Structures are given as C-alpha cells and as structure tokens.
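In what follows, a structure is listed as structure tokens, so that the remarks can point back to it.
The values are calculated or read from the model by the stated rules, or taken from the named source; none is laboratory data. It should be emphasised that the depicted structure is a prediction, and the values quoted were computed from it without experimental measurement. No Cβ is skipped: glycine too gets one built from the backbone with ideal geometry, and neighbour counts run over all protein chains shown.
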C-alpha cells in the first residue's frame, strides 16, 4: 500500500451503504473491482464528505469492500444509509485528518458570506498547463488543496496549498477523471 497515488478520482459510480459493525461497504451499481479500487484508497462518503472519510482495507467484489475503521466519520454518525453517494481517490491518507479539507463550510463573518470551498485535488502536469491561464493556476503537479470563495466585491478568490509535490511521473493522473 502506497502513502498516496496520483488519481483524485478512481470511481464514484453507483451508491453505497456502510455497516459500521463489520466495516463493510455495500454498493449498488458500483464497480469497485473493475475500477481498480485498492487497499489504501480513500473513500469520501456523501456529497461533500457529509458522512466523513474512510480508508479501503480490501475489495471483495464490484459491490463489496471493507474499510479499516470509522474513525474519520463525522461526529455522531453511526450509520450510512443505502443510496449514499461517494467518491474514491488516492489522496494522501493524512489529508483525511486535516479538517481544512472536510466538507465545504459557509462563512458568516469576515471577507464573505458566500460558501467557502476547500477541496483537495491530485494535479498532474497536463492539468497544471491547462489551468495556468485561469484563477485556479498552480505552480506544479502534486496533491494541492484549493480554497475558493467570492469576496465582498463579488470577485472570485482562489488560494492553493501544495501538500505533496509531484514529479516527472505525474504527467497524467487519469484521463477519465479529467473529463468528469
């Protein structure tokens, strides 16, 4: 198991439910095996991580996998019901514990009252090139945290933080996820 991979989206096809007692994720319309989900991948549970995160322990089939623990579930969550959306990535495991990149928040004071988006992306060299002329430009490939919001003057503000710098082997993280 690697500390991280280079894909910010391995799969998000179908929906899931989670049995906390057995740590079993049951999918409906999922393709865990077919999409090469593997041990160490991170599963973001619910839209915007509304239920939290978990690390994949093993994959049994296209519709069943096991997670290591429920430690990174949102406080008070004891079940994840059927038909819950998800995304599986190869983000750095330590990023799960970083509350900066948890579910999007809404600022109620300060520079804006609009939604403040904080998202972690795996950025390859092709994406660095494409984004270079946009507000989302980053200096180089790797795992990058992006914070964006609209300021009080209606202008888009974007800040980025490189968590893991990429190298020459990050020329293409996944063509399929770039088209989503």
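Any idea how many residues of the range 82-92 are buried (at least 16 other Cβ atoms within 10 Å of the Cβ) and in a strand (DSSP E or B)?
Number satisfying all stated conditions: 5.
Have a look at 122, 142 and point out the one that is at pLDDT 75 or above, at positive phi and assigned by TED's automatic domain parsing to the domain that holds residue 161.
Sole residue among the options that is at pLDDT 75 or above, at positive phi and assigned by TED's automatic domain parsing to the domain that holds residue 161: 142.
I'm trying to understand the selection: among the residues of the range 18-35, which are modelled with pLDDT under 95 and on the phi > 0 side of the Ramachandran plot?
Within the range 18-35, none qualify.
Of the conditions (1) in a loop (DSSP other than H, G, I, E, B); (2) at pLDDT below 85, residue 95 clears all except one; give me its number.
Exception for residue 95: condition (1).
Which residues, counting only those in the range 48-71, are under 13 Å from the mean Cα position of the chain (by Cα) and farther than 12 Å from residue 25 by Cβ?
Scanning the range 48-71 gives 48, 49, 50, 52, 53.
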